[in-house]
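Each remark here refers to the structure printed beneath this line.
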């Protein structure tokens, strides 16, 4: 129901009540008012009278209150006396920031705050503007859940999530308006309503914005919002141009990005306006987007539902408003909703294609097949049904080898569960020959399990979807085939169906898009066709627009004008059709160069193809980028990146890869550059992951060796850039964005040529050793790095994430790359999900892994202990402890980890006297369940504790009770043996049952000294460090002897009573950092308070690179991180966190950095007095991503 319909309905109902016959506008929401003025008599123009309290008045209306309810009346409908009374009371009324309960006045006030970009003014329309005491008084009288939930009684303050959420929402609304061209200063309120929330439609020119102020309550300070606001803006559709709103499940997945591209192409072709909103897998956000579409009165709503049931109420609202709803990809299954049409994938037909591919793959022999299903999703069930139908028909015909589906197991449609399910199935069915997986992650998980079991060649795997990762696996021969979906076709199809409905034609209720099978030959053919076609010539019409430029005089003043000609020193430009002649010497050097470049490109003396080829050649190489970007009037943000430029077609074009930081995330970009000889312009095209393509046209000035580029954006913004080649190794670029002739954004970048893998002009190689956390183990590894630094004449940078954080590890590595590091050795935190990122690193510098491997990545080699071999060494210790044999119990944290499986099997094979397999891929794993009898030795069982220390002790206690004849307990993880030790000690059996383990726990080493532990197998972390640096150096210098080898064994050591003392002394020194490599060890520089006070990002960065402690206290009472948070130094906070600063460190007042960020200092300044709301929100996000939390109390920050 529209706002006007709601008002008419309410007016009709009120006419039936005599004394309210003059009320013309909507009855607003019910709430309790604070004590107001006495009841007064109000008389309508028709003479009807009532008694009510005065609330507020403006030029056209008066708001009154009766019996706790409020009414808005037009002054024109009152008697002259009542109009005069209203104006008199309004003139004498105390000022209220929200004009009493006038919700439209509230909206106008919020709009003014946004127009002024004044967060403080906006805050006054929220509960945060009340102040603590006033809020607590209000909360004592109003215990509504929406009021109480905003307060944190432990902190005696507003909830931190509310504070940050309000700031974030404010910034997002500003950004939304900016991107859609909505001018707050020109905003007019078109419609406004209030129930529990205030919802308004505002218009500025051709742009409309829907503003939603959540959870509004009447307070003594006026009408205030108690939750973060939301807003959506859109350009108003042209007359007779259909407006289609599309709420997509998520734009983070390429599948939906392709769907949107198909929809946009079809909508453009048909002259429709397509408004796309990203629901970000949040059903509430999707519901809000549907509400916004309804308020904007779009013609059709299309959904890719986040939740097929819970989205029902929002769809019903659209049904009530008379707006047709289409779904795409997933159907809505909510009761009582009306869906005009659905477009999806034909999953049953895709399953049939997968069945045919399986028959083809297994050939005349047939075989046993596993199905990795997911019965929760109807689409997945249909895929399996189609697959089974084809296999059943094949078997009944008897024309080929029979195919037996031995099991259908739940792979949860995810890679890791599917890997585990496959591994289990291979134990039960070791002769499996095929696997059908209902999606690509399941197929990739199946391959990982097959590879771990050495059966990747035995198994034919069929997937479903056709993601890039799966296509790459098909191309590599890891997966046989997949039924692929076509999201772009689905997008086009749903727009076609929308237009069929709008023009009165019949639409299929369910319209399914067929899949196609994708094999290795398709992947190879696709690769051969992947070369980009030559760009179309620049048209004369486009060429004219390229002459419109920004010119700067010697005093820095800017004008927009069109280049006409350059003759000698006389430049002719045109403004609004009128020509002007300007002396070239009157302009800035940059504009003089621009004039020469445009003159050359528009003359008959354009650059030749040979000239362009030489310019391209000068840019080939790797470039380190640093600089800054800054919105006009905003905070400057540092830029750090690496760009690699290589030939695309030698002499004719090049390709560049780079990864700028956008919204806190590194986004991979690819750019290409060609020369259009006919126009005399270079064409630079770029495309970022998840971003639309961009194109810039550049002319070149040979005098200053500078390119001058111009590009445009869909919203009308223009970007002008200059790119100067200072010398062969240094380039400089400056880029400015203008909106309606006003400068809004500047980006300045410096490019320094580096040559990854080559020593530059006598400098030492700089090599990085990156760990997966901070631990004594890694301190020992660091000592090995320093040994290598001394022995090999290189510079080593050791980086240790302060927490088990993939984000922090990525930040560290990307910072190293930006600084021109020559090689990286890394222990990846999440290899399966970091493969693509690691490949990006390997494309820039030599990359190796240590301790933890990423076998699917393009790393050069992995350095680590051979866990199978270490298991056999452990078995040798058991044989030494039990020369006469006996029962042995194994203890481990989890068996999903490769190192655990290899250690366990090594122990078993050694005890059972089995030969060593030819390779790691040929290791056969014994079953976990039951007793394994090897004759002299028996494995009584393998106790798994799921990495829970308390459970490890319980497992040990249970084994002692269950196996009275047990002779030895073997701990495969570092904590297992100490747990067994404590259990034996409590049972009074120390020394009676032998103990053997892994790693160098203090309890283990002390037990060896006491004689209760036979020995332990330890890794050699110092060699991890030393050998990693040595191998990197050899790779860079071309002296490595890898010969295709992808694994280097860092041999473990047996620690027994004979060598435990010497080993323990050395270990303790290295763990504590007391060990020193021989040779000079300069003291690293310290970060100072002055560095932070002045915001000297470059100096802090330099010191951290030279080994400065990121956790240093710059005052006796505050660390560098605390002080940076206090002053709002966003970039320094991010830099400190990336270099291991502890986000939960406490200062002397027991405050974390988050506490400091939101506190009042000793001078009485609030956090927003010391920094902007945007700075505070950004720092809060960085701290929380790093695991930062608030303590239980707050206090002023230290001076």
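The values are calculated or read from the model by the stated rules, or taken from the named source; none is laboratory data. This is a predicted model, so every value here is computed, not measured. Cβ: placed from backbone, ideal geometry, glycine included. Neighbour counts: every protein chain shown.
Check residue 605 against each of (1) outside any loop (DSSP other than H, G, I, E, B); (2) free of Cβ contacts under 8 Å to residues at least 40 places away in the same chain and name the one condition it does not meet.
All conditions are met except number (1).
Quick grid of which residues meet (1) out of contact with any helix residue (DSSP H, G or I) (no Cβ under 8 Å at 6 or more places or on another chain); (2) surrounded by fewer than 19 Cβ atoms within 10 Å (Cβ to Cβ); (3) under 18 Å from residue 277 (Cα atoms); (4) not assigned by TED's automatic domain parsing to the domain that holds residue 377:
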| position | (1), (2), (3), (4) |
| --- | --- |
| 299 | no, yes, yes, yes |
| 305 | no, no, yes, yes |
| 309 | yes, yes, no, yes |
| 313 | no, yes, no, yes |
| 330 | no, no, yes, yes |
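Just need a number here: residues in the range 912-934 that are in contact (Cβ under 8 Å) with a residue 24 or more places away in the chain, surrounded by fewer than 11 Cβ atoms within 10 Å (Cβ to Cβ) and part of a loop (DSSP other than H, G, I, E, B).
Number satisfying all stated conditions: 1.
Suppose we keep only residues that are at pLDDT 85 or above and within 23 Å of residue 643 (Cα to Cα) within the range 753-792. Which one would you say is surrounded by the most Cβ atoms within 10 Å (Cβ to Cβ)?
The selected residue is 767.
Conditions (1) at pLDDT below 90; (2) closer than 30 Å to residue 740 by Cβ; (3) surrounded by 12 or more Cβ atoms within 10 Å (Cβ to Cβ), marked per residue:
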{"residue": "514", "(1), (2), (3)": "yes, no, yes"}
{"residue": "536", "(1), (2), (3)": "yes, yes, no"}
{"residue": "555", "(1), (2), (3)": "yes, yes, no"}
{"residue": "577", "(1), (2), (3)": "yes, yes, no"}
{"residue": "591", "(1), (2), (3)": "no, yes, yes"}
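Could you please find all residues in the range 649-679 being surrounded by fewer than 19 Cβ atoms within 10 Å (Cβ to Cβ), in contact (Cβ under 8 Å) with a residue 60 or more places away in the chain and closer than 29 Å to residue 602 by Cβ?
Matches in the range 649-679: 672, 677, 678.
Of everything in the range 1188-1199, what is at pLDDT below 80 and either over 17 Å from residue 154 (Cβ atoms) or touching a helix residue (DSSP H, G or I) at 6+ places or on another chain (Cβ under 9 Å) (or both)? Give them in sequence order.
Applying the first criterion (at pLDDT below 80) to the range 1188-1199 yields 1191-1199.
Answer for the range 1188-1199, where residues must be at pLDDT below 80 and either over 17 Å from residue 154 (Cβ atoms) or touching a helix residue (DSSP H, G or I) at 6+ places or on another chain (Cβ under 9 Å) (or both): 1191, 1193, 1194, 1195, 1196, 1197, 1198, 1199.
How about the range 982-1074: which strands (runs of 3 or more DSSP E) wholly inside it have at least 2 residues that are touching a strand residue (DSSP E or B) at 6+ places or on another chain (Cβ under 7 Å) and at pLDDT 85 or above?
994-998, 1013-1018, 1053-1055
Pick out, from the range 35-97, the strands (runs of 3 or more DSSP E) lying fully within it that include 1 or more residues that are at pLDDT below 75, surrounded by 19 or more Cβ atoms within 10 Å (Cβ to Cβ) and within 51 Å of the chain's Cα centre (by Cα).
Result: 49-57, 61-66, 69-74.
Do you know which residues across the range 935-947 are surrounded by 13 or more Cβ atoms within 10 Å (Cβ to Cβ), out of contact with any helix residue (DSSP H, G or I) (no Cβ under 7 Å at 6 or more places or on another chain) and in a loop (DSSP other than H, G, I, E, B)?
Of the residues in the range 935-947, the ones surrounded by 13 or more Cβ atoms within 10 Å (Cβ to Cβ) are 936-945, 947.
In the following step, the residues that additionally are out of contact with any helix residue (DSSP H, G or I) (no Cβ under 7 Å at 6 or more places or on another chain) were identified as 936, 938, 940-941, 944, 947.
If the condition is that a residue be surrounded by 13 or more Cβ atoms within 10 Å (Cβ to Cβ), out of contact with any helix residue (DSSP H, G or I) (no Cβ under 7 Å at 6 or more places or on another chain) and in a loop (DSSP other than H, G, I, E, B), then 936, 947 are the ones that fit.
Answer with yes or no whether residue 454 is touching a helix residue (DSSP H, G or I) at 6+ places or on another chain (Cβ under 6 Å), buried (at least 21 other Cβ atoms within 10 Å of the Cβ) and within 30 Å of residue 917 (Cα to Cα).
It is false that residue 454 is touching a helix residue (DSSP H, G or I) at 6+ places or on another chain (Cβ under 6 Å), buried (at least 21 other Cβ atoms within 10 Å of the Cβ) and within 30 Å of residue 917 (Cα to Cα).
Table: residues versus (1) assigned by TED's automatic domain parsing to the domain that holds residue 706; (2) touching a residue at least 40 places away in the same chain (Cβ under 8 Å); (3) assigned to a helix (DSSP H, G or I).
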site: 550; (1), (2), (3): yes, yes, no
site: 559; (1), (2), (3): yes, no, no
site: 590; (1), (2), (3): yes, yes, yes
site: 618; (1), (2), (3): yes, yes, yes
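Quick check on the range 963-977. Is at least one of its residues surrounded by fewer than 21 Cβ atoms within 10 Å (Cβ to Cβ) and assigned to a helix (DSSP H, G or I)?
No, the range 963-977 contains no residue that is surrounded by fewer than 21 Cβ atoms within 10 Å (Cβ to Cβ) and assigned to a helix (DSSP H, G or I).
Go through (1) within 19 Å of residue 210 (Cα to Cα); (2) more than 23 Å from the chain's Cα centre (by Cα); (3) assigned to a strand (DSSP E or B) and name the single condition residue 326 misses.
Only one criterion in (1) within 19 Å of residue 210 (Cα to Cα); (2) more than 23 Å from the chain's Cα centre (by Cα); (3) assigned to a strand (DSSP E or B) is unmet by residue 326, namely (1).
Please work out which residue is surrounded by the most Cβ atoms within 10 Å (Cβ to Cβ), limiting yourself to the range 557-566 and to residues that are over 21 Å from residue 746 (Cα atoms) and either at pLDDT below 90 or touching a helix residue (DSSP H, G or I) at 6+ places or on another chain (Cβ under 9 Å) (or both).
563
Does residue 177 meet the test of being surrounded by 15 or more Cβ atoms within 10 Å (Cβ to Cβ) and either at pLDDT 85 or above or more than 18 Å from residue 200 (Cβ to Cβ) (or both)?
For residue 177, the condition - surrounded by 15 or more Cβ atoms within 10 Å (Cβ to Cβ) and either at pLDDT 85 or above or more than 18 Å from residue 200 (Cβ to Cβ) (or both) - is met.
Conditions tested, residue by residue: (1) modelled with pLDDT of 90 or more; (2) in contact with a helix residue (DSSP H, G or I) (Cβ under 6 Å, 6 or more places away or on another chain).
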{"position": "357", "(1), (2)": "yes, no"}
{"position": "363", "(1), (2)": "no, no"}
{"position": "369", "(1), (2)": "yes, no"}
{"position": "377", "(1), (2)": "no, no"}
{"position": "382", "(1), (2)": "yes, yes"}
{"position": "388", "(1), (2)": "yes, no"}
{"position": "392", "(1), (2)": "yes, no"}
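Give the number of residues within the range 469-509 that are in contact with a strand residue (DSSP E or B) (Cβ under 8 Å, 6 or more places away or on another chain) and within 30 Å of residue 299 (Cβ to Cβ).
Summing the residues that are in contact with a strand residue (DSSP E or B) (Cβ under 8 Å, 6 or more places away or on another chain) and within 30 Å of residue 299 (Cβ to Cβ) in the range 469-509 gives 15.
Kindly evaluate residue 838 against the criterion of being under 21 Å from the mean Cα position of the chain (by Cα), surrounded by 21 or more Cβ atoms within 10 Å (Cβ to Cβ) and under 30 Å from residue 922 (Cβ atoms).
Answer is yes for this residue.
Going by the structure shown, is residue 130 touching a strand residue (DSSP E or B) at 6+ places or on another chain (Cβ under 6 Å), modelled with pLDDT of 85 or more, more than 19 Å from residue 176 (Cα to Cα) and surrounded by 15 or more Cβ atoms within 10 Å (Cβ to Cβ)?
Judged against the criteria, residue 130 is not a match.
Quick grid of which residues meet (1) farther than 30 Å from residue 469 by Cα; (2) in a strand (DSSP E or B):
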site	(1), (2)
227	yes, no
234	yes, yes
260	no, no
276	no, yes
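So residue 293 fits all but one of (1) surrounded by fewer than 22 Cβ atoms within 10 Å (Cβ to Cβ); (2) over 20 Å from the mean Cα position of the chain (by Cα); what number is the exception?
Condition (1) is where residue 293 drops out.
Tally time: how many residues in the range 677-689 are in contact with a strand residue (DSSP E or B) (Cβ under 9 Å, 6 or more places away or on another chain) and either in the same structural domain as residue 261 (by TED's automatic domain parsing) or modelled with pLDDT under 90 (or both)? I'd like the intermediate steps shown before the answer.
Just the residues of the range 677-689 that are in contact with a strand residue (DSSP E or B) (Cβ under 9 Å, 6 or more places away or on another chain), to begin with: 679-689.
Those left that are additionally either in the same structural domain as residue 261 (by TED's automatic domain parsing) or modelled with pLDDT under 90 (or both): 679, 685-689.
Counting residues in the range 677-689 that are in contact with a strand residue (DSSP E or B) (Cβ under 9 Å, 6 or more places away or on another chain) and either in the same structural domain as residue 261 (by TED's automatic domain parsing) or modelled with pLDDT under 90 (or both) gives 6.
Yes or no, residue by residue, for (1) farther than 16 Å from residue 103 by Cβ; (2) outside the structural domain of residue 116 (by TED's automatic domain parsing); (3) outside any helix (DSSP H, G or I); (4) in contact (Cβ under 8 Å) with a residue 12 or more places away in the chain:
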{"position": "166", "(1), (2), (3), (4)": "yes, no, no, yes"}
{"position": "170", "(1), (2), (3), (4)": "yes, no, no, yes"}
{"position": "176", "(1), (2), (3), (4)": "yes, no, no, yes"}
{"position": "179", "(1), (2), (3), (4)": "yes, no, no, yes"}
{"position": "185", "(1), (2), (3), (4)": "yes, no, no, yes"}
{"position": "190", "(1), (2), (3), (4)": "no, no, yes, yes"}
{"position": "199", "(1), (2), (3), (4)": "no, no, yes, yes"}
{"position": "203", "(1), (2), (3), (4)": "yes, no, yes, yes"}
